[in-house]
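Working notes for the structure below.
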């Protein structure tokens, strides 16, 4: 059975509650990385495409097409 906060002694929980603070962040930029299995062998990429095509969702189909187009499959 996984541990739950309620399993802890009340004084432990009270001490943890004192340490909780709120933080507000302003996002000034986002950076992403294009990752479509390009570091994997062709057999792995083909397997990813086959797996995505079995999911029967527009997002999965779109990603499968991107992988095929970008990786010369």
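All of the numbers you see were taken from the coordinates with simple rules; none came from a lab. In this text the structure is predicted, and so the values were computed from the model without any measurement. Don't worry about glycine lacking a Cβ; one is built from the backbone with ideal geometry, like all the others, and counts go over all protein chains shown.
Per-structure values
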read-out	value
Mean residue ellipticity (222 nm) of the chain, computed from DSSP H runs ≥ 4 via -39,500 (n - 2.57), nearest 500	-14000 deg cm²/dmol
Peptides 23-34, 39-50 ordered by average Cβ neighbours within 10 Å, highest first	39-50, 23-34
Debye log10 I(q)/I(0) at q = 0.16, 0.17, 0.21 Å⁻¹ for the chain, Cα point scatterers	-0.69, -0.71, -0.89
Nearest 10 degrees, 0 to 90: helix 42-53 Cα axis against the chain principal axis	70 degrees
